[in-house]
Amino acid sequence: MPDVMSRLGSLAANQSGFTLMELLVAIVILGVIMGPVAASVIAVIHNTASTQQRLTESHDAQISTAYFGNDVQSAGVTGTVTSGYDSGCLVAGYTPILQFQWTEYDVTGSVTAYNVATYETQAVAGAQPALHRVNCRGAAPGSTPQSSDVIVAHLLSSSVAPAVCVYTCANQPARAVGMTVTEQDGFQFFVSGVGRSTG
């Protein structure tokens, strides 16, 4: 029995904890460390949004360049949309900017398809407008059904519309067609191509 009591006494003597002063010092040090850590986390979150927007704008420029250059090379170009255009590619609620038309032939010279690619802006309530490439393909002019609608610029400026130049583009070849796109934060890119035929 005395052996058990001596063991309990030694356990009680070895129990230790934090003093009030030690706890207060730890809390002060934690406060000093957490301020810069919180500021760093907020900065990372802020920079992530900015970086994501830049990546989106860069992607818009790349995809616009890929489509636009091919459309210019494929098509006869007119700078305005008129009643002579294929209206099947004009989407209700979109504003047409530029339309390309071209015809595909087989090896015998017979027409296989009529193609229309229209660049159109879409105003979205409560959001930034977007630039679409609406593509149509059909068996006859004026009856080409819509086959695709691709957003080529997601964050257009609401105050600066895409500007088009047709065969009069500064610092470009004589047969160049170009379009200047301005994004919401002022980021601007120019896409162009050189036409092989006139419409």
- Message: Heavy atoms of the protein only, probe of 1.4 Å, neighbouring chains included. What is the accessible area of His59 in Å², nearest 10?
- Response: 90
- Query: Would you list Thr118, Thr108 from the most to the least accessible area, probe 1.4 Å?
  - Reply: Thr108, Thr118
- Item | Nearest-0.05 FRET efficiency for Ser40 and Phe18, computed from C-beta distance (R0 30 Å) | 0.55
- Message: Based on alpha-carbon atoms only, what is the radius of gyration of region 87-172 relative to the globular estimate 2.2 N^0.38 Å?
- Response: 1.27
- Message: Counting heavy atoms of the protein chains only and a 1.4 Å probe, report the per residue accessible area for region 20-133 as a whole number of Å².
- Response: 58
- Task: Pull up all non-local amide H partners of Leu98: gap of 5 or more, or a different chain, and H-to-H distance under 5 Å with H placed in the peptide plane.
- Result: Tyr119
- Item | Vicinal HN-Hα couplings computed from phi for region 29-45 (Karplus, 6.51 cos²θ - 1.76 cosθ + 1.60; Hz; Gly/Pro x) | 4, 4, x, 5, 6, 5, x, x, 5, 5, 4, 5, 4, 4, 5, 5, 4
- The correct ranking of Thr48, Thr182, Thr168 by accessible area at 1.4 Å, largest first, is Thr168, Thr48, Thr182
- Length gained, Ala140-Ala163, 0.36 nm per residue minus C-alpha separation, equals 5.3 nm
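The values are calculated or read from the model by the stated rules, or taken from the named source; none is laboratory data. Because the structure is a prediction, the values reported are computed rather than measured. We place every Cβ from the backbone using ideal geometry, glycine too, and count neighbours over all the protein chains shown. Only protein heavy atoms, including side chains, enter the accessible area calculation; ligands, DNA and RNA are left aside. Shrake-Rupley method; radii C 1.70, N 1.55, O 1.52, S 1.80 Å.
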